[in-house]
Amino acid sequence: MKTNKLITLALSFMALIAITSCVEDDDYAVPNILGTEENKALANMLATSTEVDFEYAKNLYNSDPNNDGDNDDAIPFEVENDIYIKGYISSSDATGNFFKEFYIQNKAENPTSAFKVAIDQTDTYNQFNKGREVYINLKGLYIGEERTGSGVITIGGTTEFDSFGGTVDRVNQNQIKTNILRSETTVELTPLTVAFADITDAIVGVFVQVDNVEFADDLNGERYFDAVEVFDTQRTLQACGGFDYSEISLETSSFSTFKEELLPTGNGSLRAVVSKTFDGSTHVLALNTTDDVMLDNARCSLFNIDDFTVTFEEDFENFGGLTNEGWTNVNISGTSTDWFISGFDNNDYARISAFSSNNSEANVWLVTPAITLDAGSDAILTFDLEIAYSNGIILSAYISEDFTGDPETATWEPLNAAIPYGVTNTFGGLEPISAIDISAYSGDVHIGFFYEGSDPSATTRYHIDNVRVLSN
C-alpha cells in the first residue's frame, strides 16, 4: 500500500513537470512553493489563456449601454473567453480597514490602473498579501460595479439585478481556488506620487503617496475614527497651495485596529490606497497601516495676498494678438491646431482644441513674454482654466530660464499645475488652478503651456485666462 502511494505521488509530480515543461522558461516562472494544486492551476492557465491589460478588461464593462445618462441598464460583463490579468496586491486588510475585498494594480512601480476584487473571504492578507504577484483568470467571472454608478470597476463572482441595474457580487471560495492564483513573488510596491488633483477614477485602487500634507487645523486632538459614526469616518487632509488649501478625505473603518489612535498634528507624507465613498460620489484615501503616515514636520503656512504685488498679468481683454503682445505660439507637430484668442459672454481667453484637426499629433506651445523674478523673493503663478469635452489631461505647465524664442531648444522645468480631467460633454466654466510656487526661479523667465493633442483620441478643449505672477 505504501508503494502504491509513492507511485501515485511520483506520477503526479511527473504530470506537473509535463504541464510546465511546454512553457518557455523566460515566459514566466511557475511558483514552486505554493502547493501542488495552486501550482498546477496557474501553470495550466498560463499555458492555455491569453493575458490582457487592465484597461482592456475594464472596457469590457459598459455601465450605460443605452447611452441615456444613467446606470439603470448596466449589465456586468460575463467573461467567457480564456483571458487573465496579472498584477500586484495594493491593499491589506491586516488592520481591518478593508473588508472582503482587495485592490490589485497593474504594475509594482508607476502603475496606471487597478481593479477592485470583491471576495467572500476575510483576513485576505494571509493569502493575498500586499505586494503579492497575482494572476486572475477572468473566465467565468464578472466585471462591473458593486454599486451601480460608483465608478469603481470590480471583479466579482456572480451578478445581482434590481431597479438600479446590475451589480457584481463576491467571488466565492470555489472560484478563489480556480480563478485567483498567486505566484511565489512578493515585491515592495513603489507608491505612485500624486497631488490631490491627480486622484481620479483612473487610479482607484492604486497605492499612492501624497507629500506636504497634514490633517485639517480643526482636527487637533481628534482620532482616526469618530465614536459617533457607525461605519466609516472621514478626516480632512489638506495641502498648502500658495494662498489656499487643496483637500481630500482619509476614510477609516469602524473595524480598523488603529481607529482610536490620535491623528498626528505635523506635516509630511502619507501613503494610502485610492478609494471612494460607499455611494461612489467622492474619492478618498484608505490606509493599509498607520506606519504609512509620516507627518513629523512643521505644519505649512499659506501665503498672505497682502504681502504680494503683481509682477505680470494678462486677462486677454483688448488684446492685440499673441505675437503683437509678446506671446509665442508654436505648433511643433500637426496642422490647423494652434492657440488663438476667443471669447464668450464678454470675456476673452486663449483657446485650443485638436477636435476636427485630423492630426495624429497636435503638439502646441503657448509661451508668455519674459517675466522678471528677483532671486530670493517669493513668487506665485496663478491662472484660470476652463475645460470642455474632456477625453484626457493633455495640458501641462512649464517654466524656463533660458527660452529665447524656440520652445524646442529651451530647458523646461515642469510645474505642479493641478489640472483636472474636466467635464466630458459640455463647458465647465473658468476655475482657478491652485497657486504654483515658482520662487526657486529668477531672472527673465517664461511660462509655457504645452498642449499634446491627437484627433480623435485626445481633443480636450482648454481656455486659459487671467494669467498672473505675484511676487514679494
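The values are calculated or read from the model by the stated rules, or taken from the named source; none is laboratory data. Everything numeric here is computed off the predicted structure, so don't read it as measured data. Methodologically, a virtual Cβ is constructed for each residue, glycine included, from the backbone with ideal geometry; neighbour enumeration extends over all protein chains shown. Remember, those area values only see protein heavy atoms, side chains included, never the ligands or the DNA or RNA. Shrake-Rupley method; radii C 1.70, N 1.55, O 1.52, S 1.80 Å.
In table form, for the structure just shown:
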| item | result |
| --- | --- |
| Criterion violated by R147 - all others in (1) part of a loop (DSSP other than H, G, I, E, B); (2) closer than 19 Å to E55 by Cα satisfied | (2) |
| Residues satisfying the stated conditions in the range 187-198, i.e. exposed (fewer than 15 other Cβ atoms within 10 Å of the Cβ) and either more than 30 Å from Y421 (Cα to Cα) or of a type in the set (D, E) (or both) | V187, E188 |
| Qualifying residue in the range 138-154 (condition: closer than 26 Å to I393 by Cβ, open to solvent by 30 Å² or more (accessible area, probe 1.4 Å), out of contact with any Asp or Glu (no Cβ under 6 Å at 6 or more places or on another chain) and hydrophobic (A, V, I, L, M, F, W, C)) | yes |
| Among (1) open to solvent by less than 40 Å² (accessible area, probe 1.4 Å); (2) more than 23 Å from K130 (Cβ to Cβ), the one test that N346 misses | (1) |
| The range 147-194: number of residues that are modelled with pLDDT of 90 or more and of a type in the set (D, E) | 3 |
| Checklist (1) farther than 30 Å from E247 by Cβ; (2) assigned to a strand (DSSP E or B); (3) open to solvent by less than 30 Å² (accessible area, probe 1.4 Å) applied to I447, failing item | (1) |
| Condition check for S183: among the hydroxyl-bearing types (S, T, Y) and surrounded by fewer than 17 Cβ atoms within 10 Å (Cβ to Cβ) | no |
| Every pair of residues 6+ apart whose Cβ atoms lie under 8 Å, when the first sits in the range 275-301 and is over 14 Å from V208 (Cα atoms) and at pLDDT below 95 while the second is assigned to a loop (DSSP other than H, G, I, E, B) and open to solvent by 90 Å² or more (accessible area, probe 1.4 Å) | F278/F231 |
| Criterion: open to solvent by 10 Å² or more (accessible area, probe 1.4 Å), of a type in the set (K, R), at negative phi and outside any strand (DSSP E or B) - qualifying residue of R271, R299 | R299 |
| Residue match in the range 62-76 (condition: more than 20 Å from the chain's Cα centre (by Cα) and either at pLDDT 90 or above or in a strand (DSSP E or B) (or both)) | yes |
| Segments classed as strands (runs of 3 or more DSSP E), wholly inside the range 184-261, with at least 3 members that are of a type in the set (A, V, I, L, M) | 207-215 |
| Selected residue (criterion: surrounded by the most Cβ atoms within 10 Å (Cβ to Cβ)) from residues of the range 93-109 that are over 18 Å from K58 (Cβ atoms) and among the polar types (S, T, N, Q) | N97 |
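Residue by residue, here is whether (1) within 19 Å of D217 (Cβ to Cβ); (2) open to solvent by 20 Å² or more (accessible area, probe 1.4 Å) holds:
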residue: T233; (1), (2): yes, no
residue: Q238; (1), (2): yes, no
residue: G241; (1), (2): yes, no
residue: Y245; (1), (2): yes, yes
residue: S249; (1), (2): yes, yes
residue: F258; (1), (2): no, no
residue: P264; (1), (2): yes, yes
residue: V284; (1), (2): no, no
